[in-house]
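Since every read-out is calculated from the coordinates, none of them should be taken as a lab result. None of the values given here were measured: they were computed from a predicted structure.
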C-alpha cells in the first residue's frame, strides 16, 4: 500500500506543479506586465514545496504531531494515578 501511496503522491505533485507553473510561465512570457510576476515566483515555489511536503506526509502516513519529549514524558500524557493523589497539608 505504501508504494501505491508514494506513486499517487508523486503523480499528484507533478500534476499540481504543472497546473501552477505552466500558466505562470505563459503569463510571464505573454504579457508586458508579466515581468512583475517574477516577484511572485518565490512565493509560488514556497507553496509548491509545502504542497509536496504535505503529499509526502500523506504518502508516508505521517501525522505531523511531534513525538513526546523523552525527558518529560508525563507532561504530555498525565496518568490517571497522578490525579488521584492527595496533597499533604
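Computed extension length for residue 58-residue 41: 3.5 nm, one decimal, from 0.36 nm per residue of separation with the Cα-Cα distance subtracted. Taking a ≥ b ≥ c as the square roots of the eigenvalues of the Cα gyration tensor, an a/c ratio of 1.5 or more together with a/b no larger than b/c marks the stretch 1-59 as oblate.
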